[in-house]
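Student: Attaching a single structure in structure tokens format; questions to follow.
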Amino acid sequence: MKPLVILNVFSSIDGRLTTAPNRNVAEWTQLGMDCGANEFTHRLYDELECDGLISGSESLIVWGNHSVQLESEVYWPKKSKAYIVFDGRGRLNFNQSEGLLVVTREDVNPEYLEQLKEKNIPFITAGNGDQIDLEIALGKLYSMGFRRLGLSGGGKINGAFLRKGLIDEFSIVVAPVAVGGTNTPTIFDSTDIHSIDQLTELELIKSNVINDKLVWMYYKKKGDIS
């Protein structure tokens, strides 16, 4: 058993999650270039009934190194019980612990686990080796009561979930910007596929134009039972 996983992100029209490598996408919001996509996407977590949000450590590292000050805080989902950070390599040094739940590897550096314990940050471990075992992690999250998880990126963790076939629904808000580039993070920064049979086929649930500026597309994985 696992929670339903809903990818929920905003991107450029070419699927880029930020301006360039190591840039905080909040700079789009700061300048009004996202036309409210950041805010709208965060509100969607409640509309989609997400009881937890998943992020990868890469995103938090980028946000920490490229800080962007906004005039007002972006809406924080009210139905979410936890901000779940997948940090398999134990790279993060957390400055705040409220609402956090960390997922890491069983064989992560013991000093990292000591940090979490000292800061009273709850955590679960899943898998050994180079990466977190996503299936085991989701099973443990299900046993903790999570039923609908919003996957918010970045591209590497989104790509890992995609390749494992673990994303059930896809909610994508398209902002009216085009980025381009060859190394700029995309919605799915994953390993390549080698056959058309490996494509993830989707079925459209709904699509809307928001404020005459944004396009929201909401899909489910083809063949999944609603």
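Just so it is clear, none of the values below were taken in a lab; they were calculated from the coordinates. As the structure is a prediction and not an experimental result, all values here were calculated from the model. Positions of Cβ are generated from backbone atoms using ideal geometry, with glycine treated the same way; all protein chains shown enter the neighbour counts.
Student: Which three semi-axes in whole Å describe the equivalent ellipsoid of the chain, each the square root of 5 times a Cα gyration tensor eigenvalue, listed largest first?
Tutor: 26, 22, 18
Student: Another question about this same structure. List, in the order given, every pair from 140/222; 164/213; 117/222; 79/156 whose Cα-Cα distance in the structure shown is over 31 Å.
Tutor: Beyond 31 Å between Cα atoms: 164/213; 117/222.
Student: With 10 angstrom as the radius, rank 94, 86 by how many other C-beta atoms surround their C-beta, starting from the fewest.
Tutor: 94, 86
Student: Given Cα pairs under 8 Å that are at least 6 residues apart, what percent is the relative contact order of region 82-145?
Tutor: 31
Student: Next up: Defining a contact as two alpha carbons under 8 Å apart and six or more residues distant in sequence, what relative contact order in percent does the chain show?
Tutor: The normalised contact order for the chain reaches 31 percent.
Student: Can I ask one more? Restricting the calculation to Cα positions, tell me the Rg (one decimal) and the Dmax (whole number) of region 1-103 in Å.
Tutor: 14.1, 43
Student: Any chance you could check the Cα centroid distance between region 26-67 and region 150-226 for me, in angstrom?
Tutor: 15
Student: Roughly how many debye, to the nearest 20, is the charge dipole of region 1-107 about its Cα centre, given +1 on each Lys and Arg Cβ, -1 on each Asp and Glu Cβ, and no other charges?
Tutor: Computed charge dipole of region 1-107: roughly 240 debye.
Student: Rank-order 187-197, 75-85 by packing density, defined as the average count of other C-beta atoms within 10 Å over each peptide's residues, highest first.
Tutor: Ranking the peptides 187-197, 75-85 by packing returns 75-85, 187-197.
Student: Compute a Gaussian network model of the chain, connecting alpha carbons closer than 10 Å, and tell me which residue from 214, 17, 53 fluctuates the most.
Tutor: Between 214, 17, 53, it is 214 that shows the largest mean-square fluctuation.
Student: Separation between the residue 128 and residue 14 pseudo-spin-labels, each 7 Å from Cα along Cα→Cβ, expressed in nm?
Tutor: 4.4
Student: Follow-up. Need one number: the % of Cα-Cα pairs in region 97-209 sitting beyond the 22 Å mark.
Tutor: Percent of Cα pairs beyond 22 Å in region 97-209: 49.
Student: Take each of the peptides 146-155, 36-45, average the number of other beta-carbon atoms within 10 Å over its residues, and list them starting from the highest.
Tutor: 146-155, 36-45
Student: Tell me the label-point distance for the pair residue 65, residue 31, using the 7 Å Cα-to-Cβ offset, in nm and rounded to one decimal.
Tutor: 2.1
Student: Test of understanding: what is the full-extension gain from residue 177 to residue 208, defined as 0.36 nm times their sequence separation minus their Cα-Cα distance?
Tutor: Additional length available on full extension: 9.4 nm.
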